[in-house]
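> Dropping the structure in here first, questions after.
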Amino acid sequence: MSAHTPIADRPLWSATPTPLTEDLQIDLDSTARLVEHHLRLGVDGLFILGSCGEGPWLPREHQRTFMREVCRRNDGRMTIGAQVTDNSAPRIIENARIAADEGADVAIMAAPFKLMGPLATSKLQGLYLDAIEGSPLPMGIYDLGERDRTLVPPEVIAEALRHPNVVALKDSSASPERQAKAIAVRKERPDLRIMSGDEFDLPKYLGSGYDGLVLGGAIFNGALAREIMDAIAAGEMERAQEMQARMNELMWDVYGGKTISTWLAGLKHLLVRMGVFSTHVNLLGYDLTEECATRIEDALVRDHDVLFPEECR
């Protein structure tokens, strides 16, 4: 990765949302604020155009515009990973070339969006390995396990992680089997970074040996997530659990309760109230409820120290 911004030893990444204008264009001013805000929170990597970033729903030109603007504004200060997921190795490689052209450091691949009929494990493994070997960028693997519509067997993920061009894993599978396999491969490859995407239980993964985190909420809870990482590194598990409980309450307020009913609308509304985004417009159709907006106002007061850590230093 000598030609790219490296991944930190204890990485904290944000799977960031994408700011949109009222007419569904990329909000360039908000994109600039998004980059600076992440740096204030202590985030050292961005995963752009994933599900939280609405990448699969954005037009190709809007994807390129956002990648280009994020990389330009970032100027090498954080590692930038861009989603390149698609339905075949040639399309994944093409997407990775575009990400490289726009300045990204890592191409991140999840399970194919759609497969026609069942695909044998050997064929699916071939798709992954062909894409990894053909990518002009180092690759990251995003594993949703059984939560994904396309189920990728754990042995396929493990084999992909052994490839020297794979530098990172985002594990959002909530699977003990997949967790164990990731840790085993990490022992084989000390340069591999395995990161959890389960933001509601950080101590479980960090305490088991994961290197870091890739969180959809890091754009607002990144400072608190870093405190949890530091507590676990210091062996202070009880303090980490207490901070996790606080973080969960904050996320439920923002996302519309434990059912996550307002998700992107609530997340983007909070960012509007924080002065980062200009609208809570989202392509997935999430609506902001009055109850969620009220709970966000309460959270802005209660959790001011973690939402605006630079003001409390």
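> Being in a helix (DSSP H, G or I), more than 30 Å from ASP191 (Cβ to Cβ) and within 21 Å of the chain's Cα centre (by Cα) is true for just one of MET247, MET251, MET243. Which residue is that?
On the way: MET247 fails: more than 30 Å from ASP191 (Cβ to Cβ); MET243 fails: more than 30 Å from ASP191 (Cβ to Cβ).
Only one candidate passes the filter, namely MET251.
> Something else: Looking only at residues in region 11-30 that are of a type in the set (Ser, Thr, Tyr) and in contact with a Leu (Cβ under 6 Å, 6 or more places away or on another chain), which one is nearest to PRO56 (Cα to Cα)? Spell out how you get there, then give the answer.
Here is the first cut: in region 11-30, the residues of a type in the set (Ser, Thr, Tyr) are 14, 16, 18, 21, 30.
Next cut, in contact with a Leu (Cβ under 6 Å, 6 or more places away or on another chain) only: 14, 16.
On the way: SER14: 17, THR16: 14 Å.
Of everything passing the filter in region 11-30, THR16 is nearest to PRO56 (Cα to Cα).
> Restricting attention to region 42-62, does a residue exist that is in contact (Cβ under 8 Å) with a residue 24 or more places away in the chain, closer than 25 Å to ASN165 by Cβ, part of a loop (DSSP other than H, G, I, E, B) and among the aromatic types (Phe, Trp, Tyr)?
Checked against the condition, which is being in contact (Cβ under 8 Å) with a residue 24 or more places away in the chain, closer than 25 Å to ASN165 by Cβ, part of a loop (DSSP other than H, G, I, E, B) and among the aromatic types (Phe, Trp, Tyr), region 42-62 yields no hits at all.
> Please determine, by comparing only the residues of region 271-309 that are polar (S, T, N, Q) and assigned to a loop (DSSP other than H, G, I, E, B), which one is farthest from the chain's Cα centre (by Cα).
So the first thing to find is which residues in region 271-309 are polar (S, T, N, Q), and the list is 278-279, 282, 289, 294.
Subset that is assigned to a loop (DSSP other than H, G, I, E, B): 278-279, 282, 289.
Values: SER278: 21, THR279: 21, ASN282: 17, THR289: 25 Å.
Ranking the candidates gives THR289 first.
> Follow-up question, since we're still on this one. Can you pull out the residues in region 63-76 that are surrounded by fewer than 16 Cβ atoms within 10 Å (Cβ to Cβ) and either among the β-branched types (Val, Ile, Thr) or not in a helix (DSSP H, G or I) (or both)?
ASP75, GLY76
> Against the condition loosely packed, with under 15 Cβ neighbours inside 10 Å and among the aromatic types (Phe, Trp, Tyr), how does PHE220 come out, does it pass?
Numbers: loosely packed, with under 15 Cβ neighbours inside 10 Å: no; among the aromatic types (Phe, Trp, Tyr): yes.
No, not satisfied.
> Please work out which one of (1) of a type outside the set (A, V, I, L, M, F, W, C); (2) crowded, with 16+ Cβ neighbours inside 10 Å; (3) more than 19 Å from the chain's Cα centre (by Cα); (4) not in a loop (DSSP other than H, G, I, E, B) is the condition LYS268 fails and give its number.
(3)
> Output yes when any residue across region 135-157 is farther than 30 Å from ILE296 by Cα, touching a strand residue (DSSP E or B) at 6+ places or on another chain (Cβ under 7 Å) and among the acidic types (Asp, Glu), and no when none is.
yes
> Within region 45-56, identify whether any single residue is closer than 21 Å to ILE141 by Cα and hydroxyl-bearing (Ser, Thr, Tyr), and answer yes or no. Can you show your working first?
From region 45-56, those closer than 21 Å to ILE141 by Cα are 45-56; that's our starting set.
From what is left, the residues that are hydroxyl-bearing (Ser, Thr, Tyr) are 51.
Looking through region 45-56, at least one residue is closer than 21 Å to ILE141 by Cα and hydroxyl-bearing (Ser, Thr, Tyr).
> Shifting gears a bit: Provide a single number: the residues in region 245-257 that are touching a helix residue (DSSP H, G or I) at 6+ places or on another chain (Cβ under 6 Å) and either touching a residue at least 60 places away in the same chain (Cβ under 8 Å) or surrounded by fewer than 17 Cβ atoms within 10 Å (Cβ to Cβ) (or both).
Applying the first criterion (touching a helix residue (DSSP H, G or I) at 6+ places or on another chain (Cβ under 6 Å)) to region 245-257 yields 247, 250, 253-256.
Then drop every residue that is not either touching a residue at least 60 places away in the same chain (Cβ under 8 Å) or surrounded by fewer than 17 Cβ atoms within 10 Å (Cβ to Cβ) (or both), which leaves none.
Going through region 245-257 one residue at a time, the tally reaches 0.
> Within region 256-278, identify whether any single residue is basic (Lys, Arg) and within 18 Å of THR16 (Cα to Cα), and answer yes or no.
Yes; the residues of region 256-278 include at least one that is basic (Lys, Arg) and within 18 Å of THR16 (Cα to Cα).
> Another question, then. From the residues in region 208-240 that are outside any helix (DSSP H, G or I) and closer than 24 Å to VAL301 by Cβ, which one is farthest from the chain's Cα centre (by Cα)?
First pass over region 208-240, keeping only residues outside any helix (DSSP H, G or I): 209-217, 234-236.
From what's left, closer than 24 Å to VAL301 by Cβ: 215-217.
Details: LEU215: 5, GLY216: 5, GLY217: 9 Å.
Among them, the one singled out is GLY217.
> Go over the candidates THR79, THR85 one by one and state the one that is crowded, with 24+ Cβ neighbours inside 10 Å and in contact (Cβ under 8 Å) with a residue 40 or more places away in the chain.
Numbers: THR85 fails: crowded, with 24+ Cβ neighbours inside 10 Å.
Testing whether each residue is crowded, with 24+ Cβ neighbours inside 10 Å and in contact (Cβ under 8 Å) with a residue 40 or more places away in the chain leaves just THR79.
Values in this text are rule-based calculations from the coordinates and carry no lab data. All figures in this text were calculated on a predicted structure; none of them were measured in a lab. Every residue, glycine among them, receives a Cβ derived from its backbone with ideal geometry; neighbour counts consider all protein chains shown.
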